[in-house]
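The values are calculated or read from the model by the stated rules, or taken from the named source; none is laboratory data. The model shown is predicted, which means the values in this text are computed figures rather than measured ones. We place every Cβ from the backbone using ideal geometry, glycine too, and count neighbours over all the protein chains shown.
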Amino acid sequence: MSGLKVHRDGVGLVVDSVVIGSPASQAGVLPGDVLINSEATPDLVQYSSYRRMLDLTVKHGTTIRKVNLTVASLTDLFNGARSK
């Protein structure tokens, strides 16, 4: 899982929530950020296969940056949270 819950609007995919400890959280993606990739879809971002690489363009206010995420399994997230 990428750790993102998103919905589509006219600009792109708006981030509704980010799972703490997820790849998206570790990359600094925040609720309210907008994913402006032309190929990004809610299913791709929320349900991508384990270990798939996602290259996202994230807009936060007026700042635009590239974010590379490796999709984690729930076990990875649980073990990471437990080890901290």
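Quick check, is T62 on the phi < 0 side of the Ramachandran plot, modelled with pLDDT of 85 or more and out of contact with any strand residue (DSSP E or B) (no Cβ under 9 Å at 6 or more places or on another chain)?
Taking the combined requirement at face value, the residue satisfies it.
Please go through the stretch 65-84 and pick out each residue that is modelled with pLDDT of 80 or more and loosely packed, with under 12 Cβ neighbours inside 10 Å.
The answer is K66, N68.
All but one of (1) assigned to a strand (DSSP E or B); (2) modelled with pLDDT of 85 or more; (3) surrounded by 15 or more Cβ atoms within 10 Å (Cβ to Cβ) hold for L54; state the number of the condition that does not hold.
(2)
Which pairs turn up if I take residues in the stretch 6-21 that are in a loop (DSSP other than H, G, I, E, B) and look for partners that are loosely packed, with under 12 Cβ neighbours inside 10 Å with beta carbon separation below 8 Å, at least 6 apart in sequence or on another chain?
Matching pairs, first to second residue: G21/K84.
Output the residues belonging to the stretch 1-22 that are over 13 Å from H60 (Cα atoms), in contact with a strand residue (DSSP E or B) (Cβ under 8 Å, 6 or more places away or on another chain) and at pLDDT below 85.
Scanning the stretch 1-22 gives S2, G3, L4, S22.
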